[in-house]
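One structure is given below, encoded as structure tokens.
The values are calculated or read from the model by the stated rules, or taken from the named source; none is laboratory data. All of these numbers come straight from a predicted model, not from anything done at the bench. So basically every Cβ, Gly included, is an ideal-geometry build from the backbone, and we count neighbours across all protein chains shown. Side chains included, ligands, DNA and RNA excluded: accessible areas come from the protein's heavy atoms. Shrake-Rupley method; radii C 1.70, N 1.55, O 1.52, S 1.80 Å.
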Amino acid sequence: MAVSTLPASNLDEAAVADFHETLLQSKRIVAVLGAGLSAASGLPTYRGVGSGGLWRNYDATQIATPAAFRHDPGLVWQYTSHLRRLALGAAPNPAHYALAELARRVPGFMALTQNVDNLSPRAEHPAAQLNQLHGNLFDMRCSDEANCGYIERGNFKDPLTPALAASPEEQDATVSNNESVKRPKATAWLLEGIARKNRQILGHDYQEAAPLRTDQAALKSGDDESTESRLAVVPEPSNIPPADLPQCPKCSTNLLRPNIVWFGEALPADIVAEVDNMFNDSQPIDLCIVIGTSGSVWPAAGFADLARKKGARIAVVNLDVSDVKNMRPGTDWVFAGDAAVVVPELLKPVMGSLSG
Ligand code: OAD
């Protein structure tokens, strides 16, 4: 396991002790995981704290859709390739490793992750105890699911085709998580004000220039929806012909597509069935740990309540407590902090020799 140099958290000792006691008695545990789990690995979240930027200023909800793939598969593959490169450049953090270890030590533990970044498998989280609800960026399937059905798992090639190589401006296209936090936020109105001031000071020497994409991307923040919607522009075409995109090797007729759930798509039937079985069988659930998710996307947003109905106590780990909803004081726990610090601390009692 990777050695953590992260600082110790400031958690309430009594709450942690109470959680530890329940954890040690729990036979069946569910974890609901979201983008905040991977934030300390440098991957941007989708919303709120840690949301890192818009790819080429486009909103992901415009590009990661079946309609976008039908209209311009090159653009969707360029966006997916960008996400794949970010994930390949990141490493699992201590929370991924701690959850993987919990899975090895508690057979009744199941992690339901919304993340497609492959960091939990890379932390060697046992596959049978990890349900990747939204798929995985490194799996692909034939876009003609009904007639062909080809699926390829664990393809880490980059670029997938020469046309999908990182473009020179890719570095500038998205602001990374940390840069976004450091950058001052500015609205279009403020940028125009700065330009006016520069014109006054520099006179004829002032060179008019559009704000950098990175300046605009830094504007994206959970508390400024109006700015975000102003920045979501209609995507420019990729101009990549379908022949230059990943082809299905089985039917040799159709394109491959990423095996992830796009906006507007339902979860795969086998995943839904597996989760339904877990929440509908006769066995109680003792503990549900919800980590780094804003709880805005269903069905994952409802899992804690389903676990509660089966008797579970709920623990939430989030950097931003304002994202924590429907908690029951006295029974539930809210642990505010970075998942990479808080999760290993919470799981310490079952980590054995790893806790040292
Ligand atoms: P969101 O981006 O909606 O929420 C991330 C949550 O993590 C927020 O509540 C943050 O406060 C919290 N957070 C950020 N940094 C953290 C840290 N270091 N430690 C702990 N918490 C932190 O991400 P999800 O809830 O995962 O779906 O989003 C759900 C789905 O929405 C995604 O899987 C994706 C997206 O549409 C698809 O792509 C289908």
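Data overview
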item: Sequence-distant residues sharing a close amide H with GLY135 (under 5 Å, placed H); result: VAL261
item: Backbone N under 16 Å from the VAL272 label point (7 Å along Cα→Cβ), restricted to segment 56-74; result: none
item: 12 Å beta-carbon shell around ASP286, net charge (K/R +1, D/E -1); result: +4
item: Solvent-accessible heavy-atom area per residue, rounded to whole Å², over segment 229-329 at 1.4 Å; result: 54
item: Nonlocal amide H pairs with TRP333, under 5 Å, H built at 1.01 Å; result: ILE314, ALA315, VAL316
item: Theoretical gain in end-to-end length, GLU170 to GLU145 [0.36 nm per residue, Cα-Cα removed]; result: 5.9 nm
item: Fully extended contour minus Cα-Cα distance, from ALA127 to HIS71, at 0.36 nm per residue; result: 16.7 nm
item: Extension gain from LYS157 to ASP320, taking 0.36 nm per residue of separation minus the Cα-Cα distance; result: 55.1 nm
item: ASN10 paired with ASN239, simple spin-label distance in nm, labels 7 Å along Cα-to-beta-carbon; result: 5.2
